[in-house]
Structures are given as C-alpha cells and as structure tokens.
1. Would you pull out the residues with amide H under 5 Å of residue 111's amide H, same chain only if 5 or more places away, H placed 1.01 Å from N?
2. Work out from phi, with θ = phi - 60° and the Karplus expression 6.51 cos²θ - 1.76 cosθ + 1.60, the ³J(HN,Hα) of each residue of region 30-35, listed in order in whole Hz, and give x for Gly and Pro.
3. Run the numbers for residue 93 and residue 124: contour at 0.36 nm per residue of separation, minus the present Cα-Cα distance, in nm.
4. What is the dipole size for region 26-73, taken about its Cα centre, with +1 at each Lys and Arg Cβ and -1 at each Asp and Glu Cβ, in debye to the nearest 20?
5. Which length gain, in nm to one decimal place, applies between residue 29 and residue 66 when the Cα-Cα distance is subtracted from 0.36 nm times their residue separation?
6. Calculate, for residue 73 and residue 51, the FRET efficiency according to 1/(1 + (r/R0)^6) with r their C-beta to C-beta distance and R0 22 Å; round to the nearest 0.05.
7. 5 Å is the cut-off here: which amide hydrogens, built 1.01 Å from N in the peptide plane, fall below it relative to residue 71, excluding neighbours closer than 5 in sequence?
8. Using r as the Cβ-Cβ distance of residue 107 and residue 19, and R0 as 22 Å, what FRET efficiency do you calculate, to the nearest 0.05?
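Just so it is clear, none of the values below were taken in a lab; they were calculated from the coordinates. On a predicted model such as this, the values are computed, not experimentally measured, just so you know. Using ideal geometry, Cβ is built from the backbone for each residue, glycine included, and neighbour counts are taken over all protein chains shown.
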Amino acid sequence: MKTIITYGTFDLFHYGHVRLLARLKQLGDKLIVCVSTDEFNAQKGKAAFFSYQQRAEILAACRYVDLVLSETHWGQKVTDIEKYSVDIFAIGDDWRGHFDHLQHLCEVIYLPRTDEISTTEIKNDLAFLPPFPDASND
Ligand code: C2G
C-alpha cells in the first residue's frame with residue numbers, strides 16, 4: 001500500500017486541481033489531501049471564497065481522494081508523514097524546492113501545474129462580468 005499526501009487550499013475547485021489529484025492517485029494506492037483551514041490561509045495571505053468546511057466537502061467527493069484532513073500549520077507535514085506512513089509527498093511545481101527538507105522522511109515530488117487556469121484568474125474573470133439573472137434556479 002503506497003500512500004501519497006498533498007496540501008492546499010483548493011478554492012473554487014477546478015480542472016487544474018482535478019488533474020493534479022488524478023496524477024497523484026496514479027502514483028500509489030491511497031491519496032490523502034490536507035485542506036488549508038481558513039485560519040491557516042490567513043497566515044498564507046489567502047482568503048478563500050469557500051469556507052474550509054465547504055472546500056473539504058468538495059475534496060471528499062472527488063473520486064481520487066481517499067482521506068481529507070485539515071492543514072492548520074506549516075510544520076504539520078512531518079508529523080502527518082510519520083502518522084500516516086506516507087511514501088510520497090507531492091505538490092504542484094509552484095512549490096518546487098520548498099519542501100525538499102521532507103526528503104529524509106519520504107519521496108518528494110513536484111508535479112507540473114495546469115498553467116492556463118487558477119482560482120485567482122477565475123475570480124478576476126468573474127469580477128468583470130455583468131450580474132447574472134436570478135440565480136435561484138441554478
Ligand atoms: N494546482 C495545479 N494547477 C493549477 C492550480 C493549482 O496543479 N492550475 C495545484 C497546486 O500546485 C497545488 C494544489 O493544486 O499543488 C492546490 O493549489 P492551491 O490551492 O493554490 O494550494 P496553495 O494555496 O498553494 O497551498 O502547505 C502547502 C500549501 O497549503 C499549498
């Protein structure tokens with residue numbers, strides 16, 4: 001049983017996130033995703049549109065994800081890797097080099113991001129659209 005772990009905000013869940021999770025699942029058997037809490041996001045200087053609970057619910061519904069945990073601080077990765085007998089820590093290559101210190105605990109892999117989409121771009125694109133008609137029947 002090969003266990004993979006990753007961390008992130010995953011706000012406005014989009015196909016870039018899905019492609020990453022699909023590739024992560026292909027690396028092993030069990031994929032653990034640690035979702036940043038709203039409080040931790042504040043430390044990262046990020047404000048998610050969806051709350052932690054909402055983002056965790058979406059990740060839990062993703063076919064590639066086996067376990068959703070909370071990410072509350074930078075240092076938890078070491079204890080998570082030991083607690084869950086993690087074989088691979090993997091994350092998008094926008095973080096390349098940031099987590100090399102985990103290499104003594106498990107394999108560390110940085111995967112290419114899906115460049116043409118980001119949560120920030122989605123927010124910016126939507127901000128310039130005219131208000132949509134009545135959303136009650138979405
Ligand atoms: N990602 C991707 N392609 C995109 C957007 C995001 O592959 N177009 C990946 C990121 O590289 C990351 C994951 O999806 O691996 C989640 O992205 P974010 O929610 O932006 O994660 P971030 O806020 O950077 O948090 O301790 C690590 C941090 O919590 C990572």
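1. Distant-sequence amide H within range of residue 111: 91, 92, 93.
2. Working through the residues one at a time gives 10, 10, 9, 10, 9, 8 Hz.
3. 8.9 nm
4. Details: 5 positive and 6 negative charges, 28 e Å.
The dipole magnitude comes to about 140 debye.
5. Working: separation 37, 0.36 × 37 = 13.32 nm, distance 0.90 nm.
Gain in length upon complete extension: 12.4 nm.
6. Working: r = 18 Å, r/R0 = 0.83.
With a Förster radius of 22 Å, E is 0.75.
7. Sorted by chain and number, the residues that satisfy this are 35, 36, 37.
8. Numbers: r = 20 Å, r/R0 = 0.92.
In this case the efficiency is close to 0.60.
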